[in-house]
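One structure is given below, encoded as structure tokens.
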Amino acid sequence: MDISHILPGSLHVITGGMKGRKTPQFISVFDQLSYAEIKTQVFKPRCDYRSELHEKFNLPHNYIVSRTGAHLPAVEIDDEKPFEILKNLDQDAQIIGIEEVTLFEQPDCLVEIILQVLNSGKAAIVAGLDKNFRGEPFLPMSSLMAYATTVEKSYGICDLKGCSRLGEYPQRIIDGIPADYNSPIKLVGASEAYEIRCLEHHEVPGKKDSKILRCF
Ligand SMILES: [Zn+2]
């Protein structure tokens with residue numbers, strides 16, 4: 001991202017899939033802004049604590065950390081209360097960052113908050129997944145991409161052995177099998193994992209076949 005494009009009232013989206021290097025990109029932009037002595041403030045949802053990474057790099061909860069160890073301090077916000085971003089807003093900050101926007105509850109509320117931030121003359125940079133495990137737009141990212149001045153998308157390569165296509169879809173796996181379309185978003189007592197898959201290798205049992213037109 002060219003930081004000269006980050007003008008007052010503009011929104012910039014860093015999105016794509018898991019393993020697409022969204023977090024390192026997000027951290028790198030805020031590093032550049034700090035060198036330019038631009039005042040920023042960064043937020044993240046409380047649930048975005050990756051024990052394997054935070055503990056490996058010895059970082060407390062109020063840090064965003066990437067797989068490479070790059071990190072950035074961030075104000076933790078209760079995932080269920082995105083409006084607390086406004087309560088904690090530093091009025092002197094020119095650019096506001098919000099990481100993992102799709103992990104907040106009340107996606108419509110988060111969009112309103114971001115529009116209010118833009119209307120106050122600040123710029124915003126947000127990051128998060130573009131699609132959920134069903135392979136559908138992950139709210140509020142679809143709205144944020146529409147409001148954005150710039151959108152950067154990046155993906156890793158499909159995790160299926162021998163496949164070299166882009167892994168544009170998050171594959172949710174519960175107890176070793178692909179998660180059903182109607183499986184609950186939050187699980188208790190099951191082992192859950194995510195991989196990245198290309199469209200051909202993305203499996204969502206119970207999802208209507210996208211090859212059959214439903215608009216007629
Ligand atoms: Zn594949």
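Can you give the Rg and Dmax of segment 157-210 based on its C-alpha atoms, in angstrom?
Here Rg and the maximum Cα pair distance are 11.6, 34 Å.
Anyone know which of Asp108, Asp78, Asp48 comes out most mobile in the 10 Å Cα GNM of the chain?
Asp108
Along Cα→Cβ, 7 Å out, is where each label goes; now give me the distance between the ones at Glu55 and Glu136 in nm to one decimal.
If labels sit at Glu55 and Glu136, their model points lie 3.5 nm apart.
Let me know the whole percent of all Cα-Cα pairs from the chain that are separated by more than 28 Å. Let's see the in-between values first.
On the way: 6988 of 23220 pairs.
Counting pairs separated by more than 28 Å, the tail of P(r) holds 30 percent.
Would you mind pulling out the separation of the Cα centroids of segment 117-160 and segment 6-30, in Å?
9 Å
Need the full-extension length gain, Ile174 to His201, defined as separation in residues times 0.36 nm minus the C-alpha distance. One decimal, nm.
Here the answer is 8.1 nm.
Using 0.36 nm times the number of residues separating Leu115 and Lys81, minus their current alpha carbon distance, what extension gain do you get? Walk me through the numbers before you get to the answer.
Working: separation 34, 0.36 × 34 = 12.24 nm, distance 1.66 nm.
Gain on extension, Leu115 to Lys81, equals 10.6 nm.
Among the aspartates and glutamates, select those whose C-alpha is under 19 Å from the C-alpha of Lys56, and discard any that sit fewer than 8 residues away in the same chain.
Asp48
For the Cα atoms of the chain, what angle does the longest principal axis make with the long axis of helix 107-119, in degrees from 0 to 90, nearest 10?
30 degrees
Mind checking which lysines have their C-alpha under 26 Å from Lys122, skipping anything on the same chain fewer than 8 residues away?
Correct list for Lys122: Lys22, Lys39, Lys44, Lys81, Lys87, Lys153.
If you fit an axis through the alpha-carbon atoms of helix 22-35 and take the longest principal axis of the Cα set of the chain, what angle between them do you get, 0 to 90°, nearest 10?
10 degrees
Express as a percent, rounded to the nearest 5, the fraction of DSSP beta bridges in the chain (both residues included) that run antiparallel.
40 percent
FYI, it's all coordinate maths here, none of it is from the lab. If you're wondering where the values come from, they're calculated on a predicted model, not measured in any experiment. Quick reminder, even Gly has a Cβ in these numbers, built from the backbone with ideal geometry, and neighbours come from all protein chains shown.
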